[in-house]
1. Cβ contacts < 9 Å: first residue more than 11 Å from Val362 (Cβ to Cβ) and assigned by TED's automatic domain parsing to the domain that holds Ala294, restricted to the range 328-351; second residue among the hydroxyl-bearing types (Ser, Thr, Tyr) and modelled with pLDDT of 85 or more, any location; separation 6+ or different chain. Result?
2. Does Glu207 satisfy the condition of being touching a strand residue (DSSP E or B) at 6+ places or on another chain (Cβ under 9 Å) and either at pLDDT below 85 or not aliphatic (A, V, I, L, M) (or both)?
3. Could you check the range 299-337 and list, in sequence order, the residues that are over 18 Å from Glu376 (Cα atoms) and assigned to a strand (DSSP E or B)?
4. Among (1) in contact with a Pro (Cβ under 8 Å, 6 or more places away or on another chain); (2) modelled with pLDDT of 80 or more; (3) buried (at least 16 other Cβ atoms within 10 Å of the Cβ), where does Ile253 come up short?
5. Does Ala294 satisfy the criteria of being over 49 Å from the mean Cα position of the chain (by Cα), surrounded by fewer than 18 Cβ atoms within 10 Å (Cβ to Cβ) and either modelled with pLDDT of 85 or more or aliphatic (A, V, I, L, M) (or both)?
6. Give the residues of the range 338-351 that are crowded, with 18+ Cβ neighbours inside 10 Å and either part of a helix (DSSP H, G or I) or under 37 Å from the mean Cα position of the chain (by Cα) (or both), sorted by residue number.
7. Restricting to the range 14-33, name every residue that is surrounded by 22 or more Cβ atoms within 10 Å (Cβ to Cβ), of a type outside the set (Ser, Thr, Tyr) and over 11 Å from Val113 (Cα atoms).
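The values are calculated or read from the model by the stated rules, or taken from the named source; none is laboratory data. Model, not experiment: these values are computed from the prediction. Every residue, glycine among them, receives a Cβ derived from its backbone with ideal geometry; neighbour counts consider all protein chains shown.
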Amino acid sequence: MRKEHWALVSLLLNLLQSALKLVGGLMTGSLSLLGEALHSFSDATASVIAYLSIKFSEKKHERFPYGLYKLENIGAIVIAFFLIVSAYEIGHRALTGKVEINRDALPVGIGIVVFSLLSSLTLSFLERRAGKRLNSPTLIADSYHTLTDAFGSLLVLVSLSAVYMGHNYDSFFALGVVALILYTALSLLKEQVGVILDISADEETVERIREIILSFPEVEEIKRLLVRSAGGKLFIDAEILLRPGSFMRSHAIADEIERKIAREIENVEMAFIHYEPAKEEKLRVAVFSGDGSALCRNFSNVKKMYVFEERSGEPEVIEVHPKSEEDVAKLLVHKGVDIVICGHHPESARAKWILHRNGVFVWETDKENIYSALSEVSKLKLGRSDKEGKDEGD
């Protein structure tokens, strides 16, 4: 079943229990049973809030691009306040009035309480399991609420059984119900207010995300890792330092980290990996030449390699004597080239794999002049001589 279906089941059961306990409380005069009727009614009201918060929590709007996941946490907080109201009502009546029990109606009251106890325990177990499976804080909160109702029913059962044996301790047992309700309410408030204030996700989850990021050998350091939870969804923001390498490869690494986190960590809604080079990186572009300033048409005929670096002066000119296209590919990787300009991609599958694995992009062009080809790729200030610049017309 979906989350909202469980909320509806909880609502219907609480309404039924509230009506039965109210009848039983009025018949027996038991304060603890009447308090439980009020408790179940507050459960029903809280279940309505749980249903509405779940129904609308995953809706997205242009004003709320991250979704309304925190509605579930707000719903859980409202449930906690209903618990506190119930506790106050029960405690006030237990401390300010004398309780008279109608012994003739005790069998009816005991039967109602037994039904309430068993049904609450069953629903609490099933709802908590569904809440963990669906990762819904509202369902988990409501399951604890239902469990509190079961404990309250147990106390009422003991109280009515004691009356049946001639001992009226109903007021004291009513105060026991109050203690259980308050404990649950305060626990819920502490947890859910922390989420509203963007408290970090649990340490185990954060550490697992840290391990995934550091499993990439290119990651030198994690400068910042922020993980928060909202409505059972995780939002991750990390800033990492990458070891010097390919400009384009760094971006690919960040993307792969995000994908791996999404695969291995459940309920990740968003993961942002911001990366910085451990040392300053500059874009490097290599242009192949066969003879003079003429662009080389393929990898096997390259004679010279002009390596231009961002914000540098003249290019580095490298004489190339390749035995194979793989040798040329390895040379490009060794020189830290990001983009290579040539007439065609290499024909060798091995050379293609070497370039792809190291993030080297091949730019095919039909230009004849190396500087004309260079102008197609980037507007970065890459060095060239004035004399060579005069030959750009193509």
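1. Sorted first by the residue in the range 328-351, then by its partner, the pairs are Ser348/Ser324; Arg350/Ser324.
2. Working: touching a strand residue (DSSP E or B) at 6+ places or on another chain (Cβ under 9 Å): no; either at pLDDT below 85 or not aliphatic (A, V, I, L, M) (or both): yes.
Here the answer is no, as Glu207 does not meet what is asked.
3. Keep residues of the range 299-337 that are over 18 Å from Glu376 (Cα atoms), which gives 299-304, 312-314, 316-336.
Answer for the range 299-337, where residues must be over 18 Å from Glu376 (Cα atoms) and assigned to a strand (DSSP E or B): Lys304, Glu316, Val317, Ile318, Glu319.
4. With respect to (1) in contact with a Pro (Cβ under 8 Å, 6 or more places away or on another chain); (2) modelled with pLDDT of 80 or more; (3) buried (at least 16 other Cβ atoms within 10 Å of the Cβ), Ile253 is out only on (1).
5. On the way: over 49 Å from the mean Cα position of the chain (by Cα): yes; surrounded by fewer than 18 Cβ atoms within 10 Å (Cβ to Cβ): yes; either modelled with pLDDT of 85 or more or aliphatic (A, V, I, L, M) (or both): yes.
In short, yes.
6. Correct list: Asp338, Ile339, Ala351.
7. Once the filter is applied, which keeps residues that are surrounded by 22 or more Cβ atoms within 10 Å (Cβ to Cβ), of a type outside the set (Ser, Thr, Tyr) and over 11 Å from Val113 (Cα atoms), the range 14-33 yields Asn14, Leu31.
Conditions (1) aliphatic (A, V, I, L, M); (2) closer than 23 Å to Ser10 by Cβ; (3) not assigned by TED's automatic domain parsing to the domain that holds Gly29, marked per residue:
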site	(1), (2), (3)
Ile90	yes, yes, no
Ile110	yes, no, no
Leu123	yes, yes, no
Leu126	yes, yes, no
Ala130	yes, yes, no
Arg133	no, yes, no
Leu139	yes, yes, no
Asp142	no, yes, no
Leu147	yes, yes, no
